[in-house]
Amino acid sequence: MEEFNRVLGGGVVPGSLVLIGGDPGIGKSTLLLQVSTQLASLGTVLYVSGEESAQQIKLRAERLGDINNEFYLFAETNMQRIRAEIEKIQPDFLIVDSIQTVMSPDITSVQGSVSQVREVTGELLQLAKTNNMATFIVGHVTKEGTLAGPRMLEHMVDTVLYFEGERQHTFRILRAVKNRFGSTNEIGIFEMQSSGLVEVLNPSQVFLEERLDGATGSAIVVTMEGTRPILAEVQALVTPTVFGNAKRTTTGLDFNRASLIMAVLEKRAGLLLQNQDAYLKSAGGVKLDEPAIDLAVAVAIASSYKDKPTNPQDCFIGEIGLTGEIRRVNRIEQRINEAAKLGFTKIYAPKNSLTGLKLPKAIEVIGVVTLGEVLKKVFG
């Protein structure tokens, strides 16, 4: 499972403690069951479930694929019995689903309480390190999107992964927010199907396949997720406001960044946006939060405001400063190569980032200095 390996920083590290959080029903148990059936061919796996019976997990595991003999199921919530089973089997890999259901009889508080979660995680950490056993624990997420239980839980483990996505969409994103063995910017993309989670090896194509030709208010950006360049579509809808105050909403984009770009467009490019409602989103459910997306957001807003489409073969990279300048961004060569690979013929990039680069012949790279210059070249 290449996507899972990339997010972990190369693969499963012996003796590591990995916490996977996510909303209910998002597919955490399915992901770990698929991973554990693969790990069973490398060593002994003990899957401890406090939420489902062994029969339920067996049915799901059979649907997901073949199971090796070295895969053990244990439906239990008592930490003492779990510890005894670990000492008996001596597994190479341990999976606990979920940490909120396991309880230590030494603590008097109820299951899922702060003290119970802290105590059980401490025991699992000690077992993982002393037995050199890679351990995965599932954590539930609160309404605010943070892991339930003490914040200290994230400090105790080696790696924290969030499994996110919308139930209405089949795509799921596995994101690292803490990793002692690799980058915290990596993401893995999966699609939920009847046979389980399937890796999406070319997410750029997925995010762009429903794009309409000739539509206004759309621009393509090459964003970096860890070491991987991804092409995504930024959409904007600008309409005259009906009430006194103009409305601004964003989905998948930072609200403050969008407001800043609109202010620069008004001051430096002469677009009268103060009496316009603006709705901005990143298509496909991916969150875009790096500075390099600024230029694509600005072009999408200008396209909707002027009611002029952008060329579907163009894409945009660049950070916008408050004086309207296009500032340099990192990993420019990787971004350009990814755009060329997907058939784009023209890319607008910061001029200062292009010095000394070996650029591909398949794509025309236009170095730009100011926002006004870009808008003039794109819309005339």
Quiz item: Out of curiosity, is G318 in contact with a Leu (Cβ under 7 Å, 6 or more places away or on another chain) and either open to solvent by 20 Å² or more (accessible area, probe 1.4 Å) or over 19 Å from A232 (Cα atoms) (or both)?
Solution: no
Quiz item: Taking the stretch 315-328 on its own, how many of its residues are assigned to a loop (DSSP other than H, G, I, E, B) and farther than 20 Å from L208 by Cβ?
Solution: 5
Quiz item: Among (1) within 22 Å of S195 (Cα to Cα); (2) over 28 Å from the mean Cα position of the chain (by Cα); (3) open to solvent by less than 60 Å² (accessible area, probe 1.4 Å), which single condition is L64 missing?
Solution: (2)
Practice problem: Test R331 against the stated conditions and say whether it is assigned by the TED database to the domain that holds L212, surrounded by fewer than 18 Cβ atoms within 10 Å (Cβ to Cβ) and closer than 24 Å to A263 by Cβ. | Solution: no
Quiz item: In the stretch 29-55, which residues are of a type in the set (S, T, N, Q) and more than 25 Å from Y162 (Cβ to Cβ)?
Solution: S41, T44, S53, Q55
Exercise. Could you please let me know if D277 is over 19 Å from the mean Cα position of the chain (by Cα), without any contact (Cβ under 8 Å) to a residue 60 or more places away in the chain and crowded, with 17+ Cβ neighbours inside 10 Å?
Key: yes
Self-check item: Count - residues of the stretch 77-88 that are surrounded by fewer than 17 Cβ atoms within 10 Å (Cβ to Cβ) and touching a helix residue (DSSP H, G or I) at 6+ places or on another chain (Cβ under 6 Å)
Solution: 0
Quiz prompt | Any hit, the stretch 247-261, residues being under 19 Å from D307 (Cα atoms) and out of contact with any Ser or Thr (no Cβ under 7 Å at 6 or more places or on another chain) | solution = yes
Practice problem: Among the residues of the stretch 103-130, count how many are part of a helix (DSSP H, G or I) and either free of Cβ contacts under 8 Å to residues at least 60 places away in the same chain or open to solvent by less than 30 Å² (accessible area, probe 1.4 Å) (or both). | Solution: 15
Practice problem: Return yes or no: is T30 modelled with pLDDT of 90 or more, assigned by the TED database to the domain that holds M192 and either under 26 Å from K58 (Cβ atoms) or among the aromatic types (F, W, Y) (or both)? | Solution: yes
Practice problem: Could you pull out every one of the strands (runs of 3 or more DSSP E) wholly within the stretch 149-207 that has 2 or more residues that are at pLDDT below 90 and open to solvent by 30 Å² or more (accessible area, probe 1.4 Å)? | Solution: 171-179, 187-193
Practice problem: Answer yes or no as to whether E319 is closer than 24 Å to V206 by Cα and touching a residue at least 24 places away in the same chain (Cβ under 8 Å). | Solution: no
Self-check item: Subset tally (residues that are assigned to a helix (DSSP H, G or I) and open to solvent by 40 Å² or more (accessible area, probe 1.4 Å)) for the stretch 1-30
Solution: 3
Quiz prompt | Residue list for the stretch 330-378, filter: without any contact (Cβ under 8 Å) to a residue 40 or more places away in the chain and touching a Phe, Trp or Tyr at 6+ places or on another chain (Cβ under 7 Å) | solution = I363, I366
Quiz prompt | Answer from P312, P360 - the residue that is open to solvent by 30 Å² or more (accessible area, probe 1.4 Å), part of a loop (DSSP other than H, G, I, E, B) and touching a helix residue (DSSP H, G or I) at 6+ places or on another chain (Cβ under 9 Å) | solution = P360
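The values are calculated or read from the model by the stated rules, or taken from the named source; none is laboratory data. Owing to the predicted nature of the structure, the values given are computational and were not obtained by experimental measurement. All Cβ positions, glycine included, derive from the backbone under ideal geometry; neighbour counts span all protein chains shown. When the accessible area is computed, the model is the full protein with side chains, heavy atoms only, and any ligands, DNA or RNA have been set aside. Shrake-Rupley method; radii C 1.70, N 1.55, O 1.52, S 1.80 Å.
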